[in-house]
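The values are calculated or read from the model by the stated rules, or taken from the named source; none is laboratory data. Not measured: the values here are computed from a predicted model. Here the Cβ positions follow ideal geometry from the backbone for every residue, glycine too, while neighbour counts run over all protein chains shown. Ligands, DNA and RNA are excluded from the accessible area calculation, which covers all protein heavy atoms including side chains. Shrake-Rupley method; radii C 1.70, N 1.55, O 1.52, S 1.80 Å.
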Amino acid sequence: MKTAEQPPTGKSCIEDFFDAKTLATTLDGKKFNPKSDYDSSKEFGKGTFAEKLIRAHADKIDFSKFTSILERIVAVIDHYKPPSVAA
């Protein structure tokens with residue numbers, strides 16, 4: 001499922017829905033970089049972000065920007081009509 005477009009580019013990735021505080025959190029002195037070609041001596045990537053930051057601190061993270069994603073999931077579920085099952 002595509003994430004909702006964000007101004008000004010009309011593009012987004014899942015990390016865009018975290019607040020600035022979460023995105024600015026450092027781990028072992030390293031900053032988060034969502035790009036695949038990050039400098040591992042100074043930065044950490046998406047896997048570490050998800051496992052060591054988000055999962056480990058989920059109770060302290062503001063997930064309020066994820067409402068639009070959850071609404072899109074509900075819309076997909078509501079729109080989906082399973083094929084009829086022949087008796």
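So for the stretch 1-82, Kirkwood radius off the Cα pairs, Stokes-Einstein at 4 °C and 1.567 mPa s: how many µm² s⁻¹?
90
Starting at the first residue of the stretch 43-58, write each ³J(HN,Hα) from the Karplus equation 6.51 cos²θ - 1.76 cosθ + 1.60 with θ = phi - 60°, in whole Hz, x for Gly and Pro.
Residue by residue, the stretch 43-58 yields 9, 10, x, 4, x, 5, 4, 5, 7, 8, 9, 5, 4, 5, 10, 4 Hz.
With every protein chain left in place, what is the accessible area of THR9 in Å² (1.4 Å probe, nearest 10)?
Spelled out: THR9, probe radius 1.4 Å, area about 100 Å².
Can you work out ³J(HN,Hα) from phi for every residue in the stretch 28-34, in order, using Karplus 6.51 cos²θ - 1.76 cosθ + 1.60 and θ = phi - 60°, giving whole Hz and x for Gly and Pro?
6, x, 9, 9, 6, 9, x
With +1 on each Lys and Arg Cβ and -1 on each Asp and Glu Cβ, and nothing else charged, work out how big the dipole of the chain is about its Cα centre, in Debye to the nearest 20.
Numbers: 14 positive and 13 negative charges, 16 e Å.
The calculation lands at about 80 debye.
Considering only DSSP states other than H, G, I, E and B, which trypsin sites (Lys or Arg not before Pro) in the chain qualify as loop sites with at most 15 other Cβ atoms within 10 Å? Walk me through the intermediate numbers first.
Values: sites: LYS2, LYS11, LYS21, LYS30, LYS31, LYS35, LYS42, LYS46, LYS52, ARG55, LYS60, LYS65, ARG72; in loops: LYS2, LYS35, LYS42.
Hits after loop and neighbour filter: LYS2, LYS35, LYS42.
Once the cut-off is 14 Å, how many percent of the Cα-Cα pairs in the stretch 4-46 end up in the long-distance tail? Numbers along the way, then the final one.
Numbers: 481 of 903 pairs.
Cα-Cα pairs in the stretch 4-46 separated by more than 14 Å: 53 percent.
Might you tell me the accessible area per residue for the chain, computed with a 1.4 Å probe and given in Å²?
Details: 6780 Å² over 87 residues.
With all protein chains present, the chain gives 78 Å² per residue.
Within the accessible area of the chain, what % is carbon and sulfur when the probe is 1.4 Å and the other protein chains stay in place? Working shown, then result.
Numbers: 3880 of 6780 Å².
So the carbon and sulfur contribution to the accessible surface is 57 percent.
Roughly how tilted is helix 67-79, in degrees to the nearest 10 and between 0 and 90, from the longest Cα axis of the chain?
Helix 67-79 sits at roughly 20 degrees to that axis.
Taking amide H positions as placed in the peptide plane 1.01 Å from N, state which residues far from GLN6 in sequence (5 or more) or on other chains have amide H under 5 Å from it.
When sequence neighbours closer than 5 places are left aside, the close amide H contacts are LYS11, SER12.
Sequence-distant or interchain residues sharing an amide H contact under 5 Å with PHE44, placed H: which?
HN-HN under 5 Å from PHE44: LYS31, PHE32, ASN33.
Given Cα positions, please report Rg to Rh for the stretch 46-87, the hydrodynamic radius being the Kirkwood one. Present the calculation step by step, with values, prior to reporting the outcome.
Details: Rg = 16.9 Å, Rh = 13.2 Å.
The Rg/Rh ratio comes out at 1.27.
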